[in-house]
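Chemist: Provided herewith is a single structure, encoded as structure tokens, for subsequent inquiry.
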Amino acid sequence: MCAQSAEVTVKSFTYNAAGRTTAVTVGNDTTTLAYDYESRFTQITYPDQSTNSFSYNGLDTRVSKVDSTGTRTYLRDGAYVTDPVLTDGAATYTPWISERRSGTTKFWPAPIVEDILRVDLR
């Protein structure tokens, strides 16, 4: 069954000089998209003004996302996610690298990491 209506929903698109979509408008609601100087997608702002932001590493792979629920950070192995950074509400752990608690980051020195790896490899 197909229902027809006299109402027409108009969707319009806006583009930047590089041809990337920078806005999508449906009716009176506009969603905007932002890119960095390397044309990587960095932010989306929804009609209710909530935003999601993204950051990248030197290999142009997305390593984090910030939204209304907080920050999600990912360890990367080339183009692939290996392990998300772990958080338990009290601290954030980057396996084999660091621990962040109460605004202070503690990094594990290389010898400790080497010892941990040696134990795990046995």
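The values are calculated or read from the model by the stated rules, or taken from the named source; none is laboratory data. Since the model is a prediction, treat every value here as computed from it, not as a measurement. Here the Cβ positions follow ideal geometry from the backbone for every residue, glycine too, while neighbour counts run over all protein chains shown.
Chemist: Can you tell me which residue in the range 25-40 is modelled with the lowest pLDDT, limited to those that are closer than 16 Å to Asp60 by Cα and acidic (Asp, Glu)?
Modeler: For the range 25-40, the residue satisfying everything is Glu38.
Chemist: Within the range 45-54, identify whether any single residue is of a type outside the set (D, E, K, R), surrounded by fewer than 10 Cβ atoms within 10 Å (Cβ to Cβ) and modelled with pLDDT under 90, and answer yes or no. Walk me through how you get there before you give the answer.
Modeler: Residues of the range 45-54 that are of a type outside the set (D, E, K, R), as a first pass: 45-47, 49-54.
With surrounded by fewer than 10 Cβ atoms within 10 Å (Cβ to Cβ) added as a condition, the list becomes 49.
Restricting the remaining residues to those that are modelled with pLDDT under 90 gives none.
No, the conditions are met nowhere in the range 45-54.
Chemist: Shifting gears a bit: One residue is enough: does the range 88-108 have a residue meeting the conditions modelled with pLDDT under 85, on the phi > 0 side of the Ramachandran plot, among the hydroxyl-bearing types (Ser, Thr, Tyr) and surrounded by fewer than 14 Cβ atoms within 10 Å (Cβ to Cβ)?
Modeler: The answer is yes, given that some residue of the range 88-108 is modelled with pLDDT under 85, on the phi > 0 side of the Ramachandran plot, among the hydroxyl-bearing types (Ser, Thr, Tyr) and surrounded by fewer than 14 Cβ atoms within 10 Å (Cβ to Cβ).
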